[in-house]
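Engineer: Below are the structure tokens for one structure; questions will follow.
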Amino acid sequence: MIHTLTDNIHYSLPAAETDRPLLGFITGSKATLMVDSGTSPAHAREFLSAAAPYGATPPAYQFLTHWHWDHVFAIPTVGAECIAHELTAEKLAQMQNMAWDNAGLEALVESGFLPRFGADCLKIEMPAEE
């Protein structure tokens, strides 16, 4: 469900059961900016579909608030130019070299990089090892 802050700013509420964060979009006269990309391709597609009736065109830009998986795993699905702080970009580059399959998730939990809750939510969001 999409909520309206102003005529040009809309957002979805977070979902605790899968750690889906709040996503937002800002519509301008020339482009739409999406705030964070979401936890999974399905999350991004659902949000973008729900946003369309509110005037959101496919985003030209996606602004990443930070690097946590639940905010960035749908970057390729959104397919828009990313805007992020340089420390976020560094963390994303580090994450690209990590294994995110089920065995990799367990290793990330053991290392303390990812909490158990995050790994469990990720398995729900993307049940097939993508």
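The values are calculated or read from the model by the stated rules, or taken from the named source; none is laboratory data. The model shown is predicted, which means the values in this text are computed figures rather than measured ones. Glycine gets a Cβ as well: all are built from the backbone with ideal geometry, and neighbour counts include every protein chain shown. When the accessible area is computed, the model is the full protein with side chains, heavy atoms only, and any ligands, DNA or RNA have been set aside. Shrake-Rupley method; radii C 1.70, N 1.55, O 1.52, S 1.80 Å.
Engineer: Taking segment 103-114 as the search range and keeping residues that are part of a helix (DSSP H, G or I) and of a type in the set (A, V, I, L, M, F, W, C), which one is most open to solvent (accessible area, probe 1.4 Å)?
Structural biologist: First, the residues of segment 103-114 that are part of a helix (DSSP H, G or I): 103-111.
Imposing the further condition that a residue be of a type in the set (A, V, I, L, M, F, W, C) reduces the set to 103, 105, 107-109.
Values: Ala103: 73, Leu105: 3, Ala107: 55, Leu108: 18, Val109: 33 Å².
Per the stated criteria, the residue is Ala103.
Engineer: Would you please name the residue that is surrounded by the fewest Cβ atoms within 10 Å (Cβ to Cβ), looking only at residues in segment 77-102 that are in contact (Cβ under 8 Å) with a residue 24 or more places away in the chain and part of a helix (DSSP H, G or I)?
Structural biologist: Asn102
Engineer: Oh, and also: From the residues in segment 4-51 that are within 9 Å of the chain's Cα centre (by Cα) and part of a strand (DSSP E or B), which one is nearest to Thr65 (Cα to Cα)?
Structural biologist: Val35
Engineer: Residues in segment 26-33: is at least one within 20 Å of Cys121 (Cβ to Cβ) and in contact with a Pro (Cβ under 7 Å, 6 or more places away or on another chain)?
Structural biologist: no
Engineer: Right, something else. Taking into account only those residues within segment 65-99 that are of a type in the set (A, V, I, L, M, F, W, C) and more than 23 Å from Phe25 (Cα to Cα), which is nearest to the chain's Cα centre (by Cα)? Don't jump to the end; show me each part of the working.
Structural biologist: We begin by selecting, within segment 65-99, every residue of a type in the set (A, V, I, L, M, F, W, C); these are 67, 69, 72-75, 78, 80, 82-84, 87, 89, 92-93, 95, 98-99.
After this cut, where a residue has to be more than 23 Å from Phe25 (Cα to Cα) as well, the list is 93, 95, 98-99.
Values: Ala93: 16, Met95: 14, Met98: 18, Ala99: 18 Å.
Result: Met95.
Engineer: Something else about it: What single numbered condition from (1) open to solvent by less than 50 Å² (accessible area, probe 1.4 Å); (2) touching a helix residue (DSSP H, G or I) at 6+ places or on another chain (Cβ under 8 Å) fails to hold for Ala50?
Structural biologist: Condition (2) is where Ala50 drops out.
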